Amino acid sequence: MNLRLKRHLKRAALLCLVLAVAACAKAAYTNRSQLLLISEGQETQLGLQAAQDVVKKEKMSTDRIQTERVKRIGRRIAIAANKPDYKWEFFLIDKDTVNAFCLPGGKVFVYTGILELATTNDELAAIMGHEIAHALERHGGERMSTALMLQMGGQAASMAIGAGSSPAMGQVFSQAYGIGSQVGVLLPHSRTQESEADEVGMILAAMAGYEPAGALTLWQKMDAYSAKKGQNPPAFLSTHPATKQRIADIRAKMGAIRAKYYRQQLLN
Ligand SMILES: [Zn+2]
């Protein structure tokens, strides 16, 4: 372990002690301990602001059938997520890039390029469930907290708590989400966050009435696609490697998730 990381972890542990209530939270669904230096309200506010920029910058698809499909699947997952403080909205961006993301606050963006891979509704539900899970589990907030720790160390906490949406906070948010350089290209999540988003995404999709096995076929297609692309995978696949391990983990979790959460219903 390098010195910087060691120091960072030491500070994180210390902060956890000092700010037991303010900084340390439990992830929804999985109960994992998280270091969060900003409130969910701040995160949501920044997410909603950033979403306005995305809407301004990107061209929306005029394909009414596919747009309606994205909205319908999104709405069903949103009901399963039961997050009344989110202002859910689902957008289909007309761009041939394999990408999708959800900002804190509930604005979900899917690119037409990813629909080439997510051909079935179960597969699209897997993608959207995964991205929504990143937001619900506050993975962006965790990355922001890590960035604050690395940049400002101990001062971060006092700045973060009660700082509202100051320009400095907006900057950290933009960095954590990669906004400003290229919209929708996020800094990589950690493997823990990725695996958590896979699991929670499958739970949400299953609760919404989608077959969780959609996640399996989706990542198998992603794997084949990245093999075809070789050295130049799209941004989404560079932050979401479709590794054999990932596929094996999804397969291992699928049975229990289906048994516990899959609500088979007539999908309209
Ligand atoms: Zn992810």
- In segment 131-141, anything assigned to a helix (DSSP H, G or I) and away from the ligand (no atom under 13 Å from the Cβ) is listed as G141
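Conditions tested, residue by residue: (1) touching a residue at least 24 places away in the same chain (Cβ under 8 Å); (2) touching a Phe, Trp or Tyr at 6+ places or on another chain (Cβ under 9 Å).
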{"residue": "T192", "(1), (2)": "yes, no"}
{"residue": "G201", "(1), (2)": "yes, no"}
{"residue": "A208", "(1), (2)": "yes, no"}
{"residue": "P212", "(1), (2)": "yes, yes"}
{"residue": "L218", "(1), (2)": "yes, no"}
{"residue": "G230", "(1), (2)": "no, no"}
{"residue": "R246", "(1), (2)": "yes, yes"}
{"residue": "Q264", "(1), (2)": "yes, no"}
- Note on the structure: Only one of V54, V98 is among the hydrophobic types (A, V, I, L, M, F, W, C) and either part of a helix (DSSP H, G or I) or away from the ligand (no atom under 16 Å from the Cβ) (or both), namely V54
- Note on the structure: For segment 186-228, the count of residues that are farther than 21 Å from G255 by Cα, in a loop (DSSP other than H, G, I, E, B) and not small (G, A, S) equals 4
- For segment 229-268, the count of residues that are assigned to a helix (DSSP H, G or I) and of a type outside the set (A, V, I, L, M, F, W, C) equals 13
- Task: Give the number of residues within segment 197-215 that are among the aliphatic types (A, V, I, L, M) and within 16 Å of the ligand (Cβ to nearest atom).
- Result: 7
- Message: For segment 167-178, check the following and say yes or no: at least one residue is part of a loop (DSSP other than H, G, I, E, B) and at pLDDT below 65.
- Response: yes
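Just to verify a result, which residue in segment 226-253, among those that are more than 16 Å from the ligand (Cβ to nearest atom) and not hydrophobic (A, V, I, L, M, F, W, C), is farthest from E123 (Cα to Cα)?
Q231
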- Query: V21 passes all but one of (1) at pLDDT 60 or above; (2) assigned to a helix (DSSP H, G or I); (3) hydrophobic (A, V, I, L, M, F, W, C); which number fails?
  - Reply: (1)
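The values are calculated or read from the model by the stated rules, or taken from the named source; none is laboratory data. The structure displayed is predicted, hence computed values, not measured ones. Note that we place each Cβ from the backbone using ideal geometry, even for glycine, and neighbour counts take in every protein chain shown.
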